[in-house]
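Quick notes on the structure that follows.
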Amino acid sequence: MISAFLLILSGDIINKAVKDAVERGRPLQGIEGYSFPSGHAMMGILIYGLIIFFLTKHMNSQKVAKRYQLAITLIVLLIGVSRILLREHFLTDVLAGYSLGIMWLIVGIFFYTLVYAYVRPSAEKELPKGM
């Protein structure tokens, strides 16, 4: 749970830093904030990507997990489409949000896997036999 919080928090910080560095305006005038990259697209990838990761890791039925993965992927795609249709972002903003989100998700899952591999063996040693 802490790793998910840290991944999303750091992703938001990265998104805002890139927005401030690029300073690209939005398609419609009068909308506050910068456009590039799309925060909704990036956060959608991070949050729903984590859900897909944990579903795949912990569900017994991989067939059911695949159905959830497909539904969640559709949700993420619809988030990006909605940002374009509402004229909050350009297509490149959404694609950059997806790309940045995927890269940061990979980094987050990598570190989660490392920490989990390090912490789990020591936690199993502390458990009484039969648990």
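The values are calculated or read from the model by the stated rules, or taken from the named source; none is laboratory data. Quantities reported herein were computed from a predicted structural model and do not represent experimental measurements. Heads up, the Cβs are rebuilt from the backbone with ideal geometry, glycines too, and the neighbour counts pull from every protein chain shown. Only protein heavy atoms, including side chains, enter the accessible area calculation; ligands, DNA and RNA are left aside. Shrake-Rupley method; radii C 1.70, N 1.55, O 1.52, S 1.80 Å.
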### Per residue solvent-accessible surface (Å²) - segment 1-75, probe of 1.4 Å
63
#### Entry: Pairwise FRET efficiency - Ser61 versus Leu95, Cβ, R0 = 25 Å, nearest 0.05
0.15
### Query
Taking the Cα atoms of segment 26-100, what is the range of coordinates along each of the three principal axes, in descending order and whole Å?
49, 18, 16
### Message
Across the chain, what fraction of all alpha-carbon pairs, as a whole percent, falls in each successive 5 Å bin from zero upward?
### Response
2, 10, 17, 17, 16, 13, 9, 6, 4, 2, 2, 1, 0
### Message
Can you list residues from other chains, or at least 5 along the same chain, whose modelled amide H is less than 5 Å from the amide H of Arg24?
### Response
Ser35, Phe36
### Query
Using a probe of 1.4 angstrom, how much of the accessible area of segment 1-124 is carbon and sulfur, in percent?
72
### Query
What is the Rg over Rh value, at two decimals, for segment 4-58, using alpha-carbon atoms and the Kirkwood definition of Rh?
1.10
